[in-house]
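The values are calculated or read from the model by the stated rules, or taken from the named source; none is laboratory data. Owing to the predicted nature of the structure, the values given are computational and were not obtained by experimental measurement. Note that each Cβ is placed from the backbone with ideal geometry, even for glycine, and that neighbours are counted across all protein chains shown.
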Amino acid sequence: MTDVIEQKALITIFGGTGDLANRKLYPSLYHLYSKGSLSKHFAVIGTARRKWSNEFFREKIKEAIKDIKGSDEFADDFISHFYYQSHDVTDKESYVTLKDLSDELDKKYHLEGNRLFYLAMAPNFFGTIASRIKSEGFVDTKGFHRLIIEKPFGHDLASAKELNESLRQAFREDEIYRIDHYLGKEMIQNISVIRFANSIIESLWNNRYISNIQVTLSEVLGVEDRGRYYEESGALRDMVQNHILQIVSLLAMEVPIKLTTDEIRHEKVRALRSLRVYEGDAVHKNFVRGQYGPGILDGTKHAGYREEDNVDSDSNTETFVAAKLMIDNFRWAGVPFYIRTGKRLAKKATQIAIHFKDVPLNLFSEQKSLAGNVLVIHIQPNEGITLHMNVKKTGQGMETMPVNLDYAHSSQVGMNTPEAYEKLILDCLRGDATYFSHWDEVSLSWNFIDHIAGVWERTKENFPNYKPGTMGPQEADDLLLQDGFQWFSVE
């Protein structure tokens with residue numbers, strides 16, 4: 001078992017009273033503390049506009065971790081490392097006070113000048129905060145200085161470039177950690193191991209043996225209270241630009257020279273550069289958009305997207321996207337990567353289905369067809385792998401039947417799969433940026449998305465076009481049927 005190495009750092013969370021901090025960041029920090037990755041030499045400053053005291057802030061932290069098993073025993077010592085600073089991100093004097101507290105805690109906890117800044121707030125403040133961090137001397141210490149920012153990384157390529165340039169005024173590219181929590185999920189990180197640690201898999205991982213690959217990220221909930229945000233983003237920007245294209249890049253990348261941050265990123269970028277960019281009519285042929293209408297689920301009436309709070313009654317915003325992506329390189333020429341994501345669908349699931357080509361000759365002539373071989377990577381809510389294959393039925397004759405070989409990751413005895421944020425925060429503390437988005441990946445994905453969004457914004461769609469509790473509009477099924485395929489069922 002690998003020895004746990006204590007990480008020394010001052011972690012400053014801008015937006016320290018927000019929902020993200022309470023639901024994800026504080027529980028993740030506690031898990032790191034309980035495992036010894038954070039111990040005596042760390043401190044956390046939470047900042048926000050509210051006028052809170054240290055004591056009140058610490059009680060909020062204790063409330064955020066109360067449901068974690070065993071937290072009662074260590075909660076008091078854990079929260080003693082937390083401090084609160086009322087802060088106006090636009091006011092220079094606020095940074096002077098924050099800098100004084102930072103220097104004081106650095107000495108108190110012997111942090112060696114290591115500083116991690118987490119921007120858990122609206123992106124329009126990112127540039128201002130980064131600029132002040134630089135100008136007020138927060139990074140004038142001998143230790144490391146790292147910045148974590150949450151999506152969205154811009155609204156399009158132009159705004160992403162503007163945001164990146166503002167951050168680069170204060171931080172180098174290797175100090176900027178663009179977090180995508182999907183990349184922290186255990187089975188996403190397992191993609192590389194499944195491919196590169198198994199010769200039987202990697203030798204088949206190409207267009208000679210794979211007919212198509214399907215990526216599904218489905219949600220049963222509607223937009224809830226995110227109507228205003230969703231009107232600006234839609235499913236294309238909210239899910240495809242980051243989560244889905246990151247997954248596709250991991251599936252499509254070539255074998256890296258070694259499993260280092262730079263080499264993996266290099267291959268992901270090469271995969272994204274090979275992604276076919278659609279123009280004009282090709283967008284309509286290869287992309288399907290949908291918007292859920294009103295309906296009844298489990299006896300409960302649900303509003304359509306256009307009836308949700310803060311949504312235009314004639315909205316042209318998509319809550320569903322399906323697409324056929326093509327990777328134009330030697331390995332993947334001719335293999336479609338089908339993707340779909342949406343709100344108010346039949347099941348909540350994230351899964352990858354790799355469909356292998358049919359056998360060239362069906363020797364079992366009494367059967368019209370054989371079930372296809374499919375490797376399914378389950379990411380959430382279940383974690384694991386399923387291989388679908390054919391075997392002989394018990395009894396006379398040579399009749400076949402499909403069977404599943406299952407590996408349920410989350411059911412391992414004693415397995416405690418780390419929360420994605422926990423893994424990613426620890427990676428940042430260690431300086432491992434493998435599962436964070438590099439600027440080259442962000443810019444390439446935005447360039448691809450901008451072409452789709454531009455066509456859609458100039459075209460009025462006939463919405464709503466799918467009922468809640470389904471897997472999207474019929475056109476999404478037709479997209480595959482025209483190629484002789486169908487969506488693999490969500491398991």
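Against the condition modelled with pLDDT under 95 and outside any helix (DSSP H, G or I), how does SER313 come out, does it pass?
Answer is no for this residue.
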Residue in the range 174-211 that is surrounded by the fewest Cβ atoms within 10 Å (Cβ to Cβ), counting only those that are part of a helix (DSSP H, G or I) and out of contact with any Leu (no Cβ under 9 Å at 6 or more places or on another chain): ILE200
Scan of the range 444-463 for residues that are of a type outside the set (Val, Ile, Thr), more than 29 Å from LEU375 (Cα to Cα) and surrounded by 13 or more Cβ atoms within 10 Å (Cβ to Cβ), ordered by number: TRP446, ASN447, ASP450, HIS451, ALA453, GLY454, TRP456, GLU461, PHE463
Identity of the residue in the range 30-50, assigned to a loop (DSSP other than H, G, I, E, B) and of a type outside the set (Lys, Arg), that ends up farthest from SER71 (Cα to Cα): HIS41
Members of the range 109-123 found to be buried (at least 21 other Cβ atoms within 10 Å of the Cβ) and at pLDDT below 95, listed by number: ALA120, MET121
Options ASN198, ASN207; residue that is without any contact (Cβ under 8 Å) to a residue 60 or more places away in the chain and over 22 Å from LEU424 (Cα atoms): ASN198
Cβ pairs under 8 Å, 6+ apart, first in the range 287-314 and without any contact (Cβ under 8 Å) to a residue 60 or more places away in the chain, second in a loop (DSSP other than H, G, I, E, B) and of a type in the set (S, T, N, Q): GLU307/SER313
Residue that is surrounded by the fewest Cβ atoms within 10 Å (Cβ to Cβ) [pool: residues in the range 51-68 that are touching a Phe, Trp or Tyr at 6+ places or on another chain (Cβ under 8 Å) and assigned to a loop (DSSP other than H, G, I, E, B)]: SER53
Any hit, the range 230-245, residues being among the hydrophobic types (A, V, I, L, M, F, W, C) and in a loop (DSSP other than H, G, I, E, B): no
Flag if TYR466 is of a type outside the set (A, V, I, L, M, F, W, C) and either at pLDDT below 95 or surrounded by fewer than 16 Cβ atoms within 10 Å (Cβ to Cβ) (or both): no
Looking only at the range 339-362, and only at residues there that are in contact (Cβ under 8 Å) with a residue 12 or more places away in the chain and outside any strand (DSSP E or B), the one that is farthest from the chain's Cα centre (by Cα): ASP358
Total residues in the range 478-491, condition surrounded by 16 or more Cβ atoms within 10 Å (Cβ to Cβ) and in a helix (DSSP H, G or I): 2
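Answer yes or no as to whether SER437 is at pLDDT 90 or above, out of contact with any Pro (no Cβ under 9 Å at 6 or more places or on another chain) and small (Gly, Ala, Ser). Walk me through it before giving the result.
Details: at pLDDT 90 or above: yes; out of contact with any Pro (no Cβ under 9 Å at 6 or more places or on another chain): yes; small (Gly, Ala, Ser): yes.
Taking the combined requirement at face value, the residue satisfies it.
Given the criterion on the phi > 0 side of the Ramachandran plot and of a type outside the set (A, V, I, L, M, F, W, C), identify the matching residue among GLY334, GLY304, GLY293.
Step by step, each of GLY334, GLY304, GLY293 is checked, and only GLY334 is on the phi > 0 side of the Ramachandran plot and of a type outside the set (A, V, I, L, M, F, W, C).
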